[in-house]
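Single-structure report; data block below.
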Amino acid sequence: MFSKKTYIQRREELKKLVGKGLIVLFGNNESPNNCPDNAYYPFRQDASFAYYFGVQRDGLVGIIDIDNNREMLIGDDIDIEDIVWYGSVDSVSDMAAQSGVALSAPMKELQPMVDRAKGQGQEIHFLPPYRHDTMIQIMDLLGIHPSQQKAAASVTLIKAIVKMRSTKTAEEIKELEKAAVIGYKMHTAAMRTTRPGLTEKYVGGIVDGISHSYGLQVSFPTIFTQHGEIMHGAPSMEVLESGRLVLCDAGAESIEGYCSDNTRTYPVNGHFTQRQLEIYSIVEECHDLALSIAKPSVKYFDVHMAVCRLMTERLKELGLMRGDTDEAVMAGAHAMFLPHGLGHMMGMDVHDMEALGQIYVGFDEETQPRLDQFGTNALRMGRRLEEGFVVTDEPGIYFIPDLIDDWRRSGHCAEYLNFDLLDSYKDFGGIRIEDDLLITADGCRFIGKDRIPYHPKDVEAFMQQDK
């Protein structure tokens, strides 16, 4: 936990932003794997609950009564049978005191408390749930069916939390730097280990083990695959082959739950072929372009589009694209190669606050998501950048055989694409390079002191160490 003062100040600011009513923040419960006593480990607290209360135990609810200026932590103390199996833990009242909350109560008090608030005409604020057990809690508490809870969630509360959590404080940046240190260890271990004959699963397991040994857990399921054209390719038992590329997208969570998220793509045998280098160099240039232009007041949508135009120009030089660059990008032809956005917010969730609704996190009244175009509809972040934002910079080029065939059949963007040449890349895979950017007063910088190698010569030199 951070200091008690941090959580007190956060809750005070939240009260001012929401204005009135009763805020009910649900912590997470344990999530059974295959039986009640065999839960997924380690326990992962809901990020918004943790942001305002800091407590990492399961089965808790935080109450902030704005109208009566009262705060309360609700939950049941564990009994002697639990202590036998799991050891002694702090009482709910002790945990409340640690986060600067004066009052605590057992879970049986939650329903009467909410009923009284409703009877007095108070508005009940809650966040859109993403776990089914929380949906059941909300249904029991408020009588709202799970199918209606997303629509019934408090937009006022969502916008207040997005406003607060988007801008990272100095102590949060320290946690993100800690996560970056673990991420560096994960990725460099993967690069040192990778060689022909091993399986994707073996290297992926090493990556995950490092995260667990230094931090809380991985910040998302590790992607380690020779099929880089698959956006979320899980490690398989496929054997790594000389001459192919492998894509590693992995991150860690610090003990406080702050995330890292990096991607590197490199040759299994440690040496790029000329064709691989041609595509890799385009992604490298796009990655560095974002670093050079992202700064406060610039819309991240505009950074994304600048990357798309540069990528289109370079692909035209290779003969894979053709025609006017601006027209090609406007038509979405570049999405053949980049079917996702440039990046997303980062923080206590790897896609920070995504459960609150991406339209509130990555967009605002000025910048609305474009849902009518393939590729652009997957953009997670488009709003103006502000000092203290943390966003990912993750351009990629992918050769997806089914997508190539689909667009060829339909003639989609045919005036901008060389399908005959594209066919020869169907066995290429995909390349992505990703780093986390902190927006500073006059620009941006990488999160993390040590840079995971990504310039081609650095990658090849690093992979030859100790081999």
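The values are calculated or read from the model by the stated rules, or taken from the named source; none is laboratory data. Since we're looking at a predicted model, the values are computed, not measured. Quick reminder, even Gly has a Cβ in these numbers, built from the backbone with ideal geometry, and neighbours come from all protein chains shown. Protein only, heavy atoms only, side chains kept; ligands, DNA and RNA dropped before computing areas. Shrake-Rupley method; radii C 1.70, N 1.55, O 1.52, S 1.80 Å.
May I ask you to verify whether residue 272 is within 18 Å of residue 352 (Cβ to Cβ) and in contact (Cβ under 8 Å) with a residue 40 or more places away in the chain? Outline the logic, then answer.
Values: within 18 Å of residue 352 (Cβ to Cβ): no; in contact (Cβ under 8 Å) with a residue 40 or more places away in the chain: yes.
Criteria not met by residue 272.
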Residue count, region 380-403, condition touching a helix residue (DSSP H, G or I) at 6+ places or on another chain (Cβ under 8 Å), surrounded by fewer than 20 Cβ atoms within 10 Å (Cβ to Cβ), more than 22 Å from residue 310 (Cβ to Cβ) and not small (Gly, Ala, Ser), comes to 1
Count of region 323-372 residues which are within 22 Å of residue 263 (Cα to Cα) and aliphatic (A, V, I, L, M): 9
Positions within region 169-178 being surrounded by fewer than 19 Cβ atoms within 10 Å (Cβ to Cβ) and of a type in the set (A, V, I, L, M, F, W, C), in sequence order: 170, 173
The number of residues in region 156-189 that are among the hydrophobic types (A, V, I, L, M, F, W, C) and free of Cβ contacts under 8 Å to residues at least 60 places away in the same chain is 2
Any residue in region 421-432 that is crowded, with 20+ Cβ neighbours inside 10 Å and modelled with pLDDT of 95 or more sitting within a Cβ distance under 7 Å of a residue that is of a type in the set (Lys, Arg) and assigned to a loop (DSSP other than H, G, I, E, B)? List the pairs, counting only those 6 or more apart or interchain. 429/244
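Looking only at region 256-274, which residues are among the β-branched types (Val, Ile, Thr), open to solvent by less than 30 Å² (accessible area, probe 1.4 Å) and over 30 Å from residue 44 (Cα atoms)? Spell out the reasoning first.
So the first thing to find is which residues in region 256-274 are among the β-branched types (Val, Ile, Thr), and the list is 263, 265, 268, 273.
Of the ones still in play, those that are also open to solvent by less than 30 Å² (accessible area, probe 1.4 Å) are 263, 265, 268.
Result: 268, single match.
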Of all residues in region 33-55 being more than 20 Å from the chain's Cα centre (by Cα) and of a type in the set (S, T, N, Q), which is surrounded by the fewest Cβ atoms within 10 Å (Cβ to Cβ)? 34
Across (1) crowded, with 22+ Cβ neighbours inside 10 Å; (2) over 22 Å from the mean Cα position of the chain (by Cα); (3) not polar (S, T, N, Q), residue 332 clears everything bar (1)
Over 17 Å from the mean Cα position of the chain (by Cα), surrounded by fewer than 20 Cβ atoms within 10 Å (Cβ to Cβ) and of a type in the set (Val, Ile, Thr), is that true of residue 376? no
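Just to be sure before I move on: is residue 277 open to solvent by 10 Å² or more (accessible area, probe 1.4 Å) and either farther than 23 Å from residue 464 by Cα or among the aliphatic types (A, V, I, L, M) (or both) in the structure I sent?
Numbers: open to solvent by 10 Å² or more (accessible area, probe 1.4 Å): yes; either farther than 23 Å from residue 464 by Cα or among the aliphatic types (A, V, I, L, M) (or both): yes.
When the stated conditions are applied, residue 277 passes them.
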Taking region 296-317, which residues are open to solvent by 10 Å² or more (accessible area, probe 1.4 Å) and in a helix (DSSP H, G or I)? 301, 302, 305, 306, 309, 310, 313, 314, 316, 317
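Report whether or not residue 293 is in contact with a helix residue (DSSP H, G or I) (Cβ under 8 Å, 6 or more places away or on another chain) and surrounded by fewer than 17 Cβ atoms within 10 Å (Cβ to Cβ). Give the steps one after another, and end with the answer.
On the way: in contact with a helix residue (DSSP H, G or I) (Cβ under 8 Å, 6 or more places away or on another chain): yes; surrounded by fewer than 17 Cβ atoms within 10 Å (Cβ to Cβ): yes.
Answer is yes for this residue.
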Please specify each residue of region 192-244 satisfying the condition of being hydrophobic (A, V, I, L, M, F, W, C), surrounded by 15 or more Cβ atoms within 10 Å (Cβ to Cβ), in contact (Cβ under 8 Å) with a residue 24 or more places away in the chain and in contact with a helix residue (DSSP H, G or I) (Cβ under 6 Å, 6 or more places away or on another chain). 203, 207, 210, 218, 224
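Given the criteria farther than 30 Å from residue 235 by Cα, surrounded by 15 or more Cβ atoms within 10 Å (Cβ to Cβ) and not aliphatic (A, V, I, L, M), does residue 166 qualify? Break it down into steps so the answer makes sense when it comes.
Values: farther than 30 Å from residue 235 by Cα: yes; surrounded by 15 or more Cβ atoms within 10 Å (Cβ to Cβ): yes; not aliphatic (A, V, I, L, M): yes.
For residue 166, the condition - farther than 30 Å from residue 235 by Cα, surrounded by 15 or more Cβ atoms within 10 Å (Cβ to Cβ) and not aliphatic (A, V, I, L, M) - is met.
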